[in-house]
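All remarks here apply to the structure that follows.
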Amino acid sequence: MLEAVGIASPGKSPETVLSEFQRGGFFLTHVLECPLETTEAASPSYQSLLAERVSHVLKRIRRSLKPKRVVLISDSLTPLAARLSSAELGCPVLLDNGKPFGLDSGDFSGAAVHLRQALGLATAGL
C-alpha cells in the first residue's frame, strides 16, 4: 500500500511511516477485521463473509470515518464494487475502470500506477 501511494519506508520508523501516510490523507481499513484461517480469497465462504459484512462497513464509513473518498484496493472486492460504489457514502468511490485497484493481484505495478493516477499523485520513481 505504501508503495502504491508513493511513500518510501526503508530506514524509517513505523511511527514516521504512519505519520507520512496520515499526512497524505490516507486511512486504511478492512472489510473483515479478523484474519481468515484460509488463504483462499476466492472461496465461497470468504465471499459470503464479505457480503454479510458490507452493510456494517457502509454504516461505519458514513457514520464514523466520513472520508473524502473511498478507494477499493483488493480484487476480492470485485463482487461488491457495484454495491459499494452505488451506496450513498457522502463521497466518491474510486475504481479502476469499474473494478477495484488490484493491489493484491499479479499486476501490482500496473494497479499501483492506476491508483496513483486516480489519486493525482506523481508517478516518478515507481
In a GNM of the chain with a 10 Å cut-off on Cα contacts, which of Ser105, Ser74, Ser13 has the highest mean-square fluctuation?
Ser13
Of the listed pairs Lys68/Lys99; Lys12/Lys68; Lys12/Lys99, those with alpha carbons more than 24 Å apart are Lys12/Lys68; Lys12/Lys99
Whole-percent carbon and sulfur share, accessible surface of segment 58-103, 1.4 Å:
48 percent
Using only the alpha-carbon atoms, what does the chain span along each of its principal axes? Please give whole angstrom values in decreasing order.
39, 32, 30
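Calculate the FRET efficiency for Arg62 and Asp104 from the Cβ-Cβ distance with a Förster distance of 22 Å, rounded to the nearest 0.05. Please report the intermediate quantities before stating the final value.
On the way: r = 25 Å, r/R0 = 1.15.
My answer for the efficiency is 0.30.
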Return one number: the angle in degrees, 0 to 90 and rounded to the nearest 10, between the long axis of the Cα atoms of helix 108-119 and the longest principal axis of the Cα atoms of the chain.
90 degrees
5 Å is the cut-off here: which amide hydrogens, built 1.01 Å from N in the peptide plane, fall below it relative to Asp96, excluding neighbours closer than 5 in sequence?
Phe101
For the chain, longest principal axis from Cα atoms; helix 44-60 axis from its Cα atoms; angle between them, nearest 10 degrees, is 70 degrees
With angles folded into 0 to 90 degrees, how steeply does helix 14-23 sit against the dominant principal axis of the chain? Use alpha carbons for both and round to 10.
80 degrees
Taking the chain as a Gaussian network, Cα atoms linked when under 10 Å apart, which of Val70, Val17, Val54 shows the biggest mean-square fluctuation?
Val17
Say R0 is 22 Å: what FRET efficiency, to the nearest 0.05, do Ser86 and Ala51 get from their beta-carbon distance?
0.90
Using just the helices of the chain, give the 222 nm mean residue ellipticity in deg cm²/dmol: DSSP H runs with n ≥ 4 each add -39,500 (n - 2.57), and the total is spread over all residues, rounded to 500.
-11000 deg cm²/dmol
Could you order Ile73, Ile61 by accessible surface area, starting with the largest, using a probe radius of 1.4 Å?
Ile73, Ile61
Mean accessible surface per residue for the chain, computed with a 1.4 Å probe while every protein chain stays in place, in Å²:
63 Å²
Of Phe101, Phe27, Phe108, Phe21, ordered by accessible area with the largest first and a 1.4 Å probe, the sequence is Phe27, Phe108, Phe21, Phe101
Ala8-Phe26 pseudo-label distance in nm [points 7 Å out on the Cα-to-Cβ vector]:
1.5 nm
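Percent relative contact order of the chain, based on C-alpha pairs within less than 8 angstrom and at least six residues apart? Walk me through the numbers on the way to the answer.
Values: 118 pairs, mean separation 33.3, N = 126.
Computed value for the chain: 26 percent relative contact order.
The values are calculated or read from the model by the stated rules, or taken from the named source; none is laboratory data. Just so we're clear, the structure is a prediction, and the values are computed from it rather than from any experiment. Here the Cβ is made from the backbone with ideal geometry for all residues, glycine too, and neighbour counts use every protein chain on show. What goes into the accessible areas is simple: the full protein's heavy atoms, side chains included, and nothing from ligands, DNA or RNA. Shrake-Rupley method; radii C 1.70, N 1.55, O 1.52, S 1.80 Å.
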